[in-house]
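The values are calculated or read from the model by the stated rules, or taken from the named source; none is laboratory data. On a predicted model such as this, the values are computed, not experimentally measured, just so you know. We place every Cβ from the backbone using ideal geometry, glycine too, and count neighbours over all the protein chains shown.
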Amino acid sequence: MQVRVASVDGLAHGQALKFEFERDGEACEGFVLRSGDALFAYHNRCPHLGIDLDMGEGRFYSALTDRIFCSSHGALFVPSSGYCDAGPCAGEALERFGLELDGVDAVITIPDVG
Ligand code: FES
């Protein structure tokens with residue numbers, strides 16, 4: 001499945017845009033994050049308990065640690081890979097999606113199974 005996320009070109013370092021998708025009949029959420037010059041797309045699902053990283057607030061990035069973070073229990077994830085290097089799910093990773101730019105938009109490729 002592919003999902004288009006509009007106007008990602010305007011994201012500043014550390015800013016994110018959320019998007020929705022469906023998998024196995026369930027509503028899911030992802031986000032596109034800018035880190036430096038690069039954009040990354042991840043499933044908004046912490047490997048610890050399988051819940052949203054941002055608790056609905058839309059904040060994913062901590063400048064203090066230069067990490068994506070989970071608002072619930074503080075797991076930290078490397079922005080470029082999704083690898084968790086601190087917290088209760090250390091050694092696991094966020095599910096990363098393919099991202100291609102199409103003008104100012106991003107086209108996210110989401111596999112049918114996680
Ligand atoms: S749910 Fe993310 S660290 Fe616990």
Original post:
Can you pull out the residues in region 59-75 that are outside any loop (DSSP other than H, G, I, E, B) and closer than 21 Å to Cys28 by Cα?
Top reply: Tyr61, Ile68, Phe69
Subject >> Condition met for Ala12 (surrounded by fewer than 16 Cβ atoms within 10 Å (Cβ to Cβ), in contact with a Lys or Arg (Cβ under 9 Å, 6 or more places away or on another chain) and closer than 20 Å to Asp105 by Cα) >> reply: yes
**OP:** Among the residues of region 62-92, write down those that are of a type in the set (Ser, Thr, Tyr) and either within 16 Å of Leu49 (Cβ to Cβ) or within 8 Å of the ligand (Cβ to nearest atom) (or both).
**Re:** Ser71, Ser72
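Touching a strand residue (DSSP E or B) at 6+ places or on another chain (Cβ under 9 Å), over 17 Å from Glu92 (Cβ atoms) and of a type outside the set (A, V, I, L, M, F, W, C): is that true of Tyr61 in this structure? Let's see the steps before the verdict.
On the way: touching a strand residue (DSSP E or B) at 6+ places or on another chain (Cβ under 9 Å): yes; over 17 Å from Glu92 (Cβ atoms): yes; of a type outside the set (A, V, I, L, M, F, W, C): yes.
Answer is yes for this residue.
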Original post:
Restricting attention to region 6-22, which residues are more than 12 Å from the chain's Cα centre (by Cα) and not in a loop (DSSP other than H, G, I, E, B)?
Top reply: Val8, Asp9, Gly10, Phe21, Glu22
**OP:** Show the residue pairs that are 6+ apart or on different chains and have beta-carbon atoms under 6 Å apart, the first residue being within region 1-24 and under 22 Å from Val113 (Cα atoms), the second being aromatic (Phe, Trp, Tyr) and at pLDDT 95 or above.
**Re:** Val3/Phe19; Val3/Phe21; Val5/Phe19; Lys18/Phe31
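Quick check on my filter: what residues within region 80-106 are aliphatic (A, V, I, L, M) and either within 12 Å of Phe31 (Cα to Cα) or in a loop (DSSP other than H, G, I, E, B) (or both)?
Residues of region 80-106 that are aliphatic (A, V, I, L, M), as a first pass: 86, 90, 93-94, 99, 101, 104, 106.
Residues satisfying the conditions are Ala90, Leu94, Leu99, Val104, Ala106.
For (1) out of contact with any strand residue (DSSP E or B) (no Cβ under 9 Å at 6 or more places or on another chain); (2) in contact (Cβ under 8 Å) with a residue 40 or more places away in the chain; (3) of a type in the set (Ser, Thr, Tyr); (4) under 21 Å from Gly58 (Cα atoms), each residue gets a yes or a no:
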position	(1), (2), (3), (4)
His73	yes, no, no, yes
Phe77	no, no, no, yes
Gly87	no, no, no, yes
Glu92	no, yes, no, no
Glu95	no, yes, no, yes
Gly98	no, yes, no, yes
Asp105	no, yes, no, yes
Ile108	no, yes, no, yes
Gly114	no, yes, no, no
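Would you pick out the residues in region 27-58 that are assigned to a loop (DSSP other than H, G, I, E, B), within 15 Å of Ala12 (Cα to Cα) and free of Cβ contacts under 8 Å to residues at least 40 places away in the same chain? Before the answer, list the steps.
Within region 27-58, the first condition is being assigned to a loop (DSSP other than H, G, I, E, B), and the residues that meet it are 36-37, 44-58.
If we keep only those that are within 15 Å of Ala12 (Cα to Cα) too, we end up with 36-37, 58.
Passing the criteria: Gly36, Asp37.
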